[in-house]
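Please treat every number below as a calculation from the coordinates, not as lab data. It should be emphasised that the depicted structure is a prediction, and the values quoted were computed from it without experimental measurement. All Cβ positions, even for glycine, are placed from backbone atoms using ideal geometry, and neighbour counts span all protein chains on display.
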């Protein structure tokens, strides 16, 4: 089976004046379809850089990255934008919902960036995603009428609507209380049980414990790669 993420000797170097910062150092990583992977590491470890590269939000200095077999390390900015829309669903700590827009309209939004016709009926696709996260009775609500947990559920549905190969979550429980965080992590686990590949950045060990596999990044290297006993 083809890997969702296949990274070989991925390196990212930033030039700050006369100083070179080695954010990632020849990282190798393979993530298979249906995995649930947490990425941990202290601030400045390189985990955010790795996440940005996996999400096609940045380009490596050197090395190779294939997303579902496609050589994204060779792509232009426009091509990367198309790949993001087609294959990746993003979930952020701050939800990033449009404040004056209903749940349904927020979830429909990513379909506007798809160049392919893989989503037939947009309204039906959005309703399927909303139903998956249990908010079908909140489709007309704007974010201010929803709790933090409900807003994050909308964000998850929005990430699912284009039927991505990969869900990418950056500190998805960072703005939530502990009981709501547990609810959100159970949603991720259920989506993963349905075969969706999830990669999540978190600094919280109790949140990482919900994943099947935990990577630890330090000084631009993956220093640990372990399976969780779930």
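Each residue of region 5-227 gets 127 Å³ once the volume of the Cα convex hull is shared out per residue.
Taking Cα atoms only, the orientation of helix 148-160 departs from the longest principal axis of the chain by about 70 degrees.
Can you put 25, 153, 77 in order of Cβ neighbours within 10 angstrom, beginning with the fewest?
With the fewest neighbours first, 25, 153, 77 line up as 77, 25, 153.
Quick check: from the Cα gyration tensor, does region 29-98 come out rounded (a/c under 1.5), prolate or oblate? Since a/c stays below 1.5, the shape of region 29-98 is classed as rounded.
The label point for residue 137 and the one for residue 115, both projected 7 Å from the Cα toward the Cβ, are 4.3 nm apart. Nearest 10 degrees is fine. How inclined is helix 178-193 to the longest principal axis of the chain, computing both from alpha carbons? Helix 178-193 sits at roughly 80 degrees to that axis.
Round to the nearest 0.05 the FRET efficiency obtained for residue 179 and residue 78 when R0 = 25 Å and r is the Cβ-Cβ distance. Kindly include the intermediate steps, with their values, before the conclusion.
Details: r = 43 Å, r/R0 = 1.71.
It comes to 0.05.
Stretched out straight at 0.36 nm per residue, the stretch from residue 11 to residue 100 would grow longer than its current Cα-Cα span by 28.0 nm.
Assuming a ≥ b ≥ c are the square roots of the Cα gyration tensor eigenvalues, decide whether region 149-208 counts as rounded (a/c under 1.5), prolate (otherwise, with a/b larger than b/c) or oblate.
Here region 149-208 falls in the prolate category.
With runs of 4+ DSSP H residues as the only contributors, calculate the mean residue ellipticity of the chain at 222 nm using -39,500 (n - 2.57) per run, divided by the residue total and rounded to the nearest 500.
On the way: 7 runs with 69 residues, N = 230.
After summing the helix terms and dividing by the residues of the chain, the value is -9000 deg cm²/dmol.
Please say if region 56-170 is rounded, prolate or oblate, where rounded means a/c under 1.5 for a ≥ b ≥ c the square roots of the C-alpha gyration tensor eigenvalues, and otherwise the choice is prolate for a/b larger than b/c and oblate otherwise? In terms of gyration-tensor shape, prolate. Model label points for residue 206 and residue 228, set 7 angstrom from Cα along the Cα-to-Cβ axis, are 1.3 nm apart.
May I ask for the angle, rounded to the nearest 10°, between helix 77-87 and the longest principal axis of the chain, with both axes built from Cα atoms and the value confined to 0 to 90°? Helix 77-87 sits at roughly 50 degrees to that axis. When only Cα pairs below 8 angstrom with a gap of at least 6 residues are kept, region 83-230 shows a relative contact order of 27 percent. Counting other Cβ atoms within 10 Å as a rough exposure proxy, the listed residues 217, 182 run 182, 217 from fewest neighbours to most.
Among DSSP bridges having both ends in the chain, what percentage is antiparallel? Round to the nearest 5. If you can, show how the numbers build up before the last one.
Values: 22 of 40 bridges.
For the chain, the DSSP antiparallel bridge percentage is about 55.
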